[in-house]
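See below for the structure under consideration.
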Amino acid sequence: MKKFLTVFLVLAMALALLAGCGSTGDGGGGGEDSDVIRIGVFEPLTGANAAGGEIEVRGIELAHEYLGDLLGKKVELVKVDNKSDAVEAATAASRLVENEKVDIVLGSWGSTLSIAGGDAFKNSQTVAIAASATNPNVTLGNDYYYRICFLDPFQGTVLANYAYKTMGATKVGIIYETSNDYAVGLRNFFKNSYEELGGEIVAEAMYQTNDQDFNSQLMTVMAEKPDVIFAPGNYTEAALIMKQARALGYDDIKFLGGDTWETPPLIEVGGEAVEGCVITTFFDPDAPLNDMTTTFVELYREKYNEDPAAFTALGFDVYLTAYKAIEAAGSTDSEAIREALKTLEVEGCTGSIRFDENGDAIKDTAILKTVQDGKFTFLDTVKID
Amino acid sequence: MIKVENLCVNYGGIEAVKDISFEVPEGEIVTLIGANGAGKSTTLRTITGLVKARSGSIKYMGEEILGKDTVSIVSKGITLVPEGRRIFPDLTVLENLKVGAYLRKDSLEEDIEWVYSLFPRLQERHWQLGGTLSGGEQQMLAVGRALMSRPKIMMMDEPSLGLAPLVVKDIFDIIKEINKRGVTILLIEQNANMALHTADQGYVMETGRITLSGTGKELLENSAVKEAYLGK
Amino acid sequence: MSKESKSPYLPATTQKHKGLSRTLSIVVLAAFAVFLYMANSGKILGSYELRIIRLCGVYAIAALSMNLVNGFTGQFSLGQAGFMAIGAYVTSLFIIPTAQKTAMYYVEPIAPWVESLQAPFIVALIIGGLVAALAAFLIGFPVLRLRGDYLAIATLGFSEIIRIFITNMIPITNGSLGLKNIPDTANVWWTTIAVAIVVIFMLRLMKTSYGRSFKAIRDDDVAAEAMGISLFRHKMLSFVIGGFLAGISGGLLASVVGAITPIYFRFTLAYEILLIVVLGGQGSITGSVVGACILTVAREWLRFMDNGFSIGPLTVPPIAGMRMLVFSILLMIIILFYRRGLFGSNEFSWAGLLRVIKSIPQGIKRLFTRKAKAEGGGS
Amino acid sequence: MSVLTTKGATMRFGGVVAVDDLNIEVERGEIVALIGPNGAGKTTAFNMITGVYTPTEGDVLFNKDGGKDMRTITGKRPDLITKMGIARTFQNIRLFGEMTVLDNVMIAQHLHIKSGLFGAVIGWPRYYKEERRMKDGALALLERVGLLEEAYELSTSLPYGKQRRLEIARALATEPSLLLLDEPAAGMNPTETLELTEFVRQIRDEFDLTVLLIEHHMQIVMDISDRIYVLDFGKTIARGTPEEIQNNERVIEAYLGVADVD
Amino acid sequence: MSAITSDMLLQSLANAITLGSLYALVAIGYTMVYGILRLINFAHGEIFMMSMYFAFYFVTAAMLPWYLAFLFAIACTGILGIIIERAAYRPLREAPRISLLISSIGVSYLLQNLAVVLFSGIQKQFPPVAMFQDVITIANVRIQKLSIYVPLITAVLVIVLLYLVNKTKIGMAMRASSKDFETSRLMGINVNRVIAVTFCIGSVLAAVGAIMWGLKYPKIEPYVGTLPGLKCFIAAVIGGIGNIKGAVIGALLLGFIEIFIVLFFPALSGYKDAFAFVALIVILLVRPSGLVGEKIANKV
């Protein structure tokens, strides 16, 4: 049995080796003069962030199908899984630029993963554009990393303004995810802006990624009688927090959250409990900002028979931005693309996109949404000067 | 009843049993005596399928049982009272007896009565956990447990181990009693004296080999045996 | 391999082959060094391949650290991830330039004493290892009294506690935001030399009286104690050295990856290292190194599976995660059928390699004859 | 000139009294046997002496050179007791299975080592000297017990009798003054047994040892021992010279089995 | 911070009992497997995860009513348990225990990766069942009906299990096998079958726990079992691994620790999981056999 297995394994490995060589051989011909343009997709397809990665990839794929050839060449997507793991991300990034010889990289969901890949892009001088990585550290000190989403400080300010000015809340309680860099950052920016405006953070409670029970956090925060609870973090935990709040009888408390909440599962999991929560976002299928929004929503509905998530829209836009940049540059040369990105203005489905000298998207408008009747509904547009 | 031929067993990296042959005729008491580590236990364990043999043959009523698994060997009517008694400490006395009859589906009443009549102490303590019994009581329980399967042949591994002399005597009396009821007995013992007095047939094992054989009486008289195992 | 070349009791053949083996080893190692030298200067390999080689080194050291405790001393510890985390964080904090540190800690300001930490890489690496060793020392006091799976879960628990503390001590560790811009000092040379030093250290250690004592504790702790070996002291030595090596591998990892967060150091990391040790063979130093290389390379190499592939007529569509599935199936096969791993508790030797190569054709032949027999006999 | 004395040493496990009020005294240079039926508490007594168990009551006293000045070793760690000069073998041979015969012996010399771990790894001259001495000592010991030719073989590949001898050699390597042998003849054939008796006597003289042994093999016991203690159910039921023991009624009854049943 | 009101205490008490009961269901599975094989089944959390997916697909894809779907899911999980035992643990029966432990880690790794391939990494919502989701109010304490059902179901299952283990023939065989494989075989007990049954029961309990868990915390993803798995394992050890009652006590205790630490010391809520591990290590050191576990005799 064991001998048999050994030989079988050796043979299987040999076959697989052949298969492996075959498949890399197909893709090995990238580079300047080839007749395909290779766009790397650097996303977590497995691991803890797989859901986010997949949601973004859907948008990227949709845009890829929609936009077709570029500079008269075929465009090929090269997806590499970074496994939601910093070490794998660094290797995957390296692989994209070194072996797959992609011309430009899109992604990744999760700022940590983007940061881990950043060095590889910088060192190989390959332009990378993140769709949703909102952590300032992603583009900080990296000339080759761009992003099309707004930053956490901006989002924090928007939310603080909305809470203080529009909702008239003077007391806010915060429940945030300590093991999530995004949530920790957003809570910080929110807190700063809100206290600057004159509001008071009356209570704070923390939880860890994958926690399931938030009753104690809710009770300690609610004991201070806040007007609003701000709960930055993943949508899954957020849905559970709101659900458990309602179950505890806190029927009137309003919840505020960031862009990560805007996914269908928030409503699926949270059900009635999430009604009335307010979030910042950059996209609303029902409030088209431009033609591109309409096109995107139609395409998505046709393919998936549901409404797209905001991150899918960002995925769409990140591909669009890359496409337009290469088009404007007229080549896949990194420096040319970077030159083009300086002046490029892309009309994406999440609004117009321009870049500042850090490589961050210049956005002054955020959309506020609420959940009404089991749907994300447009609430307001907020502009910050 | 059991016929062992040219049995060789490797156990724990050592050649524990080297080409032994012996026979257990139906209805008799046969004993294997020898020092610690002579390979007696390994032989019994091989018969019950707990240890795999390297070569040889073990026939039970003409049927080859070498290589069969323990459960099917036990189901044929072979039972082993293991060395150190190995009763189940967390089971009550009654449960220990019932486990002995695990393969049987019929009523156990009669057999439990019989065991109780052989060992009245067990009846007194039927609700106690096996682990709380004294050594002698545990040995009784182990024998009783083995009887519950209505064995045709009962093998016993050092039944006198660690028991007070009086208890040992009791145990051997009961072994004879059981034998009279038609159960063939294969006994291994360090207590050569006791074993040879009880047995119809005896074999002496030394470092994995059978060096002597004969009736119990013959062996008792044998000067080599006397010197080696009786200390005189 | 034996230390005693003059002994008259060694089989003659061993002595004859010994010179040849040694020459062969030197030649191969020299060739490897030349290869690395050229590779490091960017002549042969790209940074992707280099990164994989560096990771191999990092994991090899981590695996050796676990092997020392688990394979050689027989103490089943799953705390490696925690020690690696300590090593990674300490090393990083010493080598990230001050200005970049200040910028990174935007949630809560960095503790001033952390901000001022600066040291050359090698010093930082050693400090990282020492701090991890200190942690191992402190943890060792309570847990080394436990044995078997109880020890495993206690160490796993401590490793998680370390991680939770790193997540929450924001002024020192920057919490879940992690650290980035960790200088890329640990190039191929660094990692390979580190592996070489650790391998030589381990090989030497295992030949000393201390190494023998570790193995004695593994084989039979009661007998070892009866022979005058202090169990606690030696378990502790092994555990602390293991902690030190894990810390070093963590520090190297931080430098190779350039960015670390607490999440990476979950207890599942210890599982992966354990699988390397099992693959290479518990109690085999060269086995751990080879195991680390195979696993790291295989994980990358299997990437093609994620994009769909075809073997002959069989076409598998692209499914994310396929590669990890195949990978874990292969691991299960090794765990179940090759329990002693590639090397068992032996070390690599040319003679062994030769034997394996020689046996392959025979194995294939036997495979077919067996098949034929099976078809004919049906049993 | 007592080397080892136990004073009322008692060991209970839960409700069971494994050894009850053990009082033995071993004089320097003696060979003393501890006999009794299986389960009589002999090995437990060994375990109390060597520190594996801490006696529930009573004391164990030891003096390396023999004399009035006895120090208590009750409850000390086994390795410390070994360092003080008590070595043992085990009933169910406990060799270090994955190591060579030579390494097995060298491990037992580890307690004498003075170099630290790093000195050893780096190879300080002092460690080299120590290693050399350990090795020479181990080889000499192996030669003495007749295992030199197997020095580089795996310890568990030896036949039973040789494994027993290796265990004794290993115990001797700790340089004890008191050697405890737990059933050294178990599993040996008559010739080997005979050799063993002679061997134990020789090493006693050669290494200036005191020997305490557990043995079932009456021939050896009667042959070798200066004095004998008989245990039964944890209690010491007799003590004396071999002749005295052989003629002791209680011993015959308890240990040798009920001699005449019918 | 303001005072903690009695309402909050009562509410937390209710929450703690629910959480503890959930932990208990899963912890018993650990304990049973440990009791018989002396194996910490690291794959238990992944069995938990798989059963959530089974339930999900039986409701969404097979369109079964929830009670049937849950029943089938529980049955499938039981079968999965048997398959895992057969494939990954039985071949190692004679091997050192550490090999089994490694194998269970391998199985856990394999199941996670399998789930990613089969079900993708995208989170799914566990199908809600209205009758469990309603909320009732007793003396200012608001309790989801599920929170009443969970302790009840746990209690019933524990009683059934205790009966099974202590009063039935197979239970007797389990207790016998857990002490001594060899002698059990001599009694004619098919130890392999008994172990398979034990695995099956352990997995079924994990499935019941997973379904209750899903109803309360309706998120499914391939890594959903890791944390409950670890927590429940800790619970089993705290109570005394190998002991069913101990697992329940340990689980309730852990539930209380987790809920009340966050309630009383909100600033420490980030360290919540550390407390669970600290409890584990303290128990291991002070009472290695757990709160109610039996003493494990020393060697030699």
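The values are calculated or read from the model by the stated rules, or taken from the named source; none is laboratory data. If you're wondering where the values come from, they're calculated on a predicted model, not measured in any experiment. Cβ: placed from backbone, ideal geometry, glycine included. Neighbour counts: every protein chain shown. SASA here: full protein model, heavy atoms, side chains in, ligands and nucleic acids out. Shrake-Rupley method; radii C 1.70, N 1.55, O 1.52, S 1.80 Å.
In debye, nearest 20, what is the charge dipole magnitude of region C:54-350 about its Cα centre with +1 on Lys and Arg Cβ and -1 on Asp and Glu Cβ, if you could check?
I would put it at about 340 debye.
Let a ≥ b ≥ c be the square roots of the eigenvalues of the Cα gyration tensor of region C:54-350; is it rounded (a/c under 1.5), or, if not, prolate (a/b larger than b/c) or oblate?
Since a/c reaches 1.5 but b/c is at least a/b, the shape of region C:54-350 is classed as oblate.
Can you tell me the 0 to 90 degree angle between the C-alpha axis of helix E:272-286 and the longest principal axis of chain E, rounded to 10?
Roughly 40 degrees, rounded to the nearest 10.
Using a 1.4 angstrom probe and counting only protein chains, how large is the accessible area of C:Lys365 in Å², to 10?
The value for C:Lys365 is about 140 Å².
If you count the DSSP beta bridges with both ends in the protein assembly as shown, what percent of them are antiparallel, to the nearest 5?
50 percent
Let me confirm one metric for peptide C:178-184, namely the mean number of other chain beta-carbon atoms within 10 Å of its residues' beta-carbons.
5
Using only helices, what value at 222 nm comes out for chain E when you add -39,500 (n - 2.57) per DSSP H run of length 4 or more and divide by the total residues, to the nearest 500 deg cm²/dmol?
-23500 deg cm²/dmol
Between B:Leu91 and residues 5 or more places away or on another chain, which pairs have amide H atoms under 5 Å apart, with H built 1.01 Å from N, and which residues are they?
Excluding prolines and chain starts, which carry no amide H, the hits are B:Gly130, B:Gly131.
How would C:Val356, A:Val41 line up by accessible area, probe 1.4 Å, largest first?
C:Val356, A:Val41
Express the accessible area of region C:253-326 per residue in Å², computed with a 1.4 Å probe while the remaining protein chains stay in the model.
Ligands and nucleic acids excluded, the figure is 27 Å² per residue.
Carbon and sulfur atoms: what percent of the 1.4 Å accessible area of the protein assembly as shown do they account for?
58 percent
Could you run the numbers on buried accessible area between C and A, total for both chains, 1.4 angstrom probe, in Å² to the nearest 100?
What C and A bury together is about 4600 Å².
I need the calculated FRET efficiency for the pair D:Glu153 and B:Glu63, taking r as the beta carbon distance and R₀ as 41 Å, to the nearest 0.05.
Efficiency, rounded to the nearest 0.05: 0.45.
Total accessible area buried between chains A and E, 1.4 Å probe, in Å² to the nearest 100?
Using a 1.4 Å probe on protein heavy atoms, the buried area is about 3000 Å².
For the peptides B:190-203, D:16-29, what is the packing order when you average, over each peptide's residues, the other Cβ atoms within 10 Å and list the highest mean first?
B:190-203, D:16-29
Which of the three applies to region B:121-171, rounded, prolate or oblate, going by the alpha-carbon gyration tensor with a ≥ b ≥ c and a/c under 1.5 meaning rounded?
oblate
What's the buried accessible area, both sides, between B and D using a 1.4 Å probe, rounded to 100 Å²?
That pair hides around 1900 Å² of surface in total.
Run the numbers on chain C and let me know its relative contact order in percent, using alpha-carbon pairs under 8 Å that are six or more apart.
Computed value for chain C: 26 percent relative contact order.
Can you list the residues of region A:318-359 with backbone N under 18 Å from a point 7 Å past the Cα of A:Gln125, pointing along Cα to Cβ?
Of the residues in region A:318-359, A:326, A:329-342 have backbone N under 18 Å from the label point off A:Gln125.
To the nearest Å, what is the center-to-center distance of region B:169-232 and region C:278-316, using C-alpha atoms only?
For region B:169-232 versus region C:278-316, the Cα centre distance is 61 Å.
Which value, in Å², gives the accessible area per residue of region E:20-222 when a 1.4 Å probe is used on the protein heavy atoms?
Computed with neighbouring chains in place, this is 32 Å² per residue.
Taking chain C as the reference, fit the longest principal axis to its C-alpha atoms, fit the long axis of helix C:285-301 to the helix C-alpha atoms, and give the angle between the two in degrees, 0 to 90, nearest 10.
80 degrees
Need one number: nm distance between label points at C:Ser21 and B:Asp200, each 7 Å from Cα along Cα→Cβ, rounded to one decimal.
6.0 nm
If R0 is 41 Å, what FRET efficiency do you get for A:Asp373 and A:Thr343 from their C-beta distance, rounded to 0.05?
0.45
Going through region D:1-80, which chymotrypsin sites (Phe, Trp or Tyr not before Pro) have at most 16 other Cβ atoms within 10 Å and a DSSP loop state?
none
For A:105-115, what's the mean count of beta carbons from other chains sitting within 10 Å of each residue's beta carbon?
Partner-chain Cβ atoms within 10 Å, mean over residues of A:105-115: 3.
At 222 nm, what helix-only mean residue ellipticity would chain B give, in deg cm²/dmol to the nearest 500, using -39500 (n - 2.57) for each DSSP H run of four or more?
Estimated from H runs of four or more residues: -10500 deg cm²/dmol.
Sorting A:Arg338, C:Arg303 by accessible area (1.4 Å probe), largest first, what list results?
My answer, sorted largest first, is A:Arg338, C:Arg303.
For region E:20-222, just say rounded, prolate or oblate: build the C-alpha gyration tensor, square-root its eigenvalues into a ≥ b ≥ c, call rounded for a/c under 1.5, and beyond that prolate if a/b exceeds b/c, oblate if not.
Oblate, since a/c reaches 1.5 and b/c is not below a/b.
Probe radius 1.4 Å, ligands and nucleic acids left out: which of B:Glu23, D:Glu30, D:Glu175 has the largest accessible area, and how do the rest follow?
D:Glu175, B:Glu23, D:Glu30
Magnitude of the Cβ-charge dipole of region B:89-149, K/R +1 and D/E -1, about the Cα centre, nearest 20 debye?
For region B:89-149, the charge dipole is close to 160 debye.
So how exposed is A:Thr139, as accessible area in Å² (1.4 Å probe, rounded to 10)?
Looks like 10 Å² after rounding.
Calculated FRET efficiency, B:Arg181 and B:Ser75, Cβ-Cβ r, R0 25 Å, to nearest 0.05?
Efficiency for this residue pair is about 0.80.
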